[in-house]
Amino acid sequence: MKRVAVLATAAAFAFTLTACGEEGTPTPSGGDGSAAPISDTCSASGVTFTPDTKAAITGSTTFDKIKSAGTVNVGVKFDQPNLGYKDATGARCGFDIEIAQYIASKLGVDPAKIQYKEIPSANRETAIKGGEIDYYVGTYSITDKRKADVAFAGPYFIAGQDLLVRKDDTSITGKDTLKGKKVCSATGSTPIQNVRDQGLTEPENIVEFKTYSECVSQLLDEKVDAVTTDDAILKGYAAISPDDLKVVGAPFSEEKYGIGLPHDDKALRDYVNDALEASFKDGTWQKIYDETLGKSGATATAPALERY
Ligand code: GLU
């Protein structure tokens, strides 16, 4: 009986995550009669982002390009509930999406004109370096290694690596209980690197996919035992399948989320940092957070910027 419910949920979940933009009405998960998932349908925080028509940045080649195009190319995630999510109607929502919209408005671009590009964790540096996107907002940890290729404004949020397991699993209680367990994460992410570097499980038990939603399907399907990435991401998946999944709640890293920017555009980086700072001070950040990521079940306040 339980197994049937889990599979029904997994099927509905997979549909939700893959059927974006296609015809049809998504089936709510919780096939066992539990509450419908929180993120089947996108809803915005209600904050309005009015384009700053006077926006100007001296010495930013990226800004010059955005201004003459009248649009901006923004890299995002699409399958991370309450962070970077696209629903079955094609609507986008979440904390990262609204931060991206806020920055666009500060650059003088109407958020409705944003060209979203779905870029998985492993391709972010290449997309920024190659000019495919002007900036990236998607659970992107600021690291020294990445700073060799790209620049970061922020941090605008601090998360921690954690574990998502099946609800009835009592054997996994933290990072030191993963030996012999199949652990799934995304290619090119800091969490998968941490699993490898710290030898948390055997190399043959590390499973990787392009996206975390693929890992979550594997977990529901009992093909892996845990999904590891930032708690902010995992809480969104747990909130979608509260009867089947839980976050262990023992974070073991510090993930400082930054806005990924072209490496050499210091003028743009300073401007985006100023914009973030203004949102921290005037309550915009808090309002966005409370109405998006805050719905995954945690309170937070804006972090301190680390300008360089
Ligand atoms: N924040 C981590 C990273 O940047 C994990 C989340 C992600 O892959 O986007 O690698």
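For this structure, a couple of remarks:
- Under the criterion of Cα pairs below 8 Å and six or more residues apart, the relative contact order for segment 50-116 equals 43 percent.
- Once C-alpha pairs closer than 8 Å and six or more residues apart are averaged by separation and normalised to the residue number of segment 110-197, the relative contact order reads 30 percent.
- Residues in the chain average 42 Å² of solvent-accessible surface per residue, probe 1.4 Å, ligands and nucleic acids excluded.
- Using the Karplus relation 6.51 cos²θ - 1.76 cosθ + 1.60 with θ = phi - 60°, the per-residue 3J(HN,Hα) values for segment 116-129 come to 7, 10, 7, 10, x, 3, 5, 9, 5, 4, 4, 5, 6, 4 Hz, with x marking Gly and Pro.
- In the chain, Cα pairs under 8 Å separated by at least six residues give a relative contact order of 24 percent.
- Of the solvent-accessible surface of the chain, computed with a 1.4 Å probe and all protein chains present, 51% belongs to carbon and sulfur.
- Think of each Lys and Arg Cβ as +1 and each Asp and Glu Cβ as -1; about the Cα centre, that makes the dipole of segment 119-185 roughly 280 debye.
- Of the GluC sites (Glu not before Pro) in segment 217-282, those whose Cβ has at most 15 other Cβ within 10 Å and which sit in DSSP loop: Glu222, Glu254
- Across the protein chains, with a 1.4 Å probe defining accessible surface, the residues Val227, Val207 rank Val207, Val227 from largest area downward.
- Percent of Cα pairs exceeding the 27 Å cut-off, where the set is the chain: 41
- Glu202 accessible area, assembled protein chains, probe 1.4 Å, Å²: 50
- Net charge dipole size for segment 54-115 [Lys, Arg +1 and Asp, Glu -1 on Cβ; Debye, nearest 20]: 220
- Total charge dipole magnitude, the chain, about the Cα centre, Cβ charges on Lys, Arg, Asp, Glu only, Debye to nearest 20: 280
- DSSP-defined beta bridges in the chain - what % are antiparallel, rounded to 5: 60
The values are calculated or read from the model by the stated rules, or taken from the named source; none is laboratory data. In this text the structure is predicted, and so the values were computed from the model without any measurement. Using ideal geometry, Cβ is built from the backbone for each residue, glycine included, and neighbour counts are taken over all protein chains shown. For the accessible areas, the whole protein counts, side chains as well, though only heavy atoms, and no ligand, DNA or RNA atoms are used. Shrake-Rupley method; radii C 1.70, N 1.55, O 1.52, S 1.80 Å.
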